[in-house]
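A short worksheet on the structure shown next.
Just so it is clear, none of the values below were taken in a lab; they were calculated from the coordinates. If you're wondering where the values come from, they're calculated on a predicted model, not measured in any experiment. Quick reminder, even Gly has a Cβ in these numbers, built from the backbone with ideal geometry, and neighbours come from all protein chains shown.
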Amino acid sequence: MNSRLAGKGKRAAEWGHEGRFAMQLLLTIGAGGGLLFLAFYLIFNQPLPGTYAGVYFALRDLSAFLVPILAFSMLAYVLVVSVVIALLSVYSFHKIAGPLYRMERALENFESGHAVKAVFLRKGDQMVALARAYNEFVAHLRDDRKEWLSAMEHAERLCLQDKATCRTEMGEALSRLSEMLSRYR
């Protein structure tokens with residue numbers, strides 16, 4: 001789009017976004033693992049009897065419940081962690097997709113011939129550098145439009161003063177306009 005922005009190495013998303021997402025993801029998995037450990041600890045923390053027969057019968061009675069307890073605990077862990085990860089992902093995607101959606105709408109408005117407008121982001125949105133670059137493009141486009149209009153108005157003023165030089169002035173104005181427009185190829 002603009003040669004000035006090509007070599008600066010700017011990123012579309014902020015640097016801290018990936019780190020915050022990874023940290024939240026690790027905290028979620030760690031908290032889920034901690035709750036799973038706590039549940040197992042509370043379930044299996046019963047003291048065993050002191051005799052061999054007592055230990056044997058206690059473990060035999062526990063074995064009937066062991067598979068359902070493990071299955072239910074793992075299912076609960078997977079469901080809770082999955083729901084929290086899904087919520088984190090939706091929130092993060094909202095912070096990325098929202099600005100992209102606004103940029104897409106702005107470009108569609110520009111393409112359909114409506115007035116070119118700047119894009120404004122919400123607090124915490126990503127793609128700040130992209131929106132800033134687009135807004136700079138819009139500002140440069142407005143400045144260039146003013147130059148184009150002033151060149152044509154100047155040629156029209158000269159046409160009103162002298163009809164003989166009107167054709168040459170309009171030709172010069174159009175060649176300047178063509179030169180200015182060539183920056184947008």
Exercise for review: Name the residue farthest towards the positive end of the dipole of segment 127-185 from the options A173, H154, A131, assuming +1 on Cβ of Lys and Arg, -1 on Cβ of Asp and Glu, about the Cα centre.
Suggested key: A131
Point to revise | Nearest-ten-degree value, helix 166-181 long axis tilted from longest Cα axis of the chain | key: 20 degrees
Study note, to complete from the structure: Taking only the alpha carbons of the chain, the radius of gyration and the largest Cα-Cα distance, Dmax, both in angstrom, are 33.6, 121
Study note, to complete from the structure: The FRET efficiency for A64 and L35, from their Cβ-Cβ distance with R0 = 30 Å and rounded to 0.05, is 0.75
Check your understanding: Hey, what do the phi angles of segment 71-87 turn into as Karplus ³J(HN,Hα) couplings, whole Hz, using 6.51/-1.76/1.60 and θ = phi - 60°, x for Gly and Pro?
Key -> 5, 5, 5, 5, 5, 4, 4, 5, 5, 5, 5, 5, 5, 5, 5, 5, 5
Exercise for review: State the number of lysine pairs found in the chain whose Cα atoms come within less than 23 Å, restricting to pairs 8 or more positions apart or on distinct chains.
Suggested key: 6
Review point. Looking only at Cα atoms, what is the convex hull volume of segment 111-185 per residue, in Å³?
Key: 108 Å³
**Study point:** Angle between the chain longest axis and helix 15-44 axis [Cα atoms, degrees, rounded to 10]
**Key:** 10 degrees
Point to revise | CD proxy at 222 nm, helix term only [per DSSP H run n ≥ 4: -39500 (n - 2.57); per residue of the chain; nearest 500] | key: -28000 deg cm²/dmol
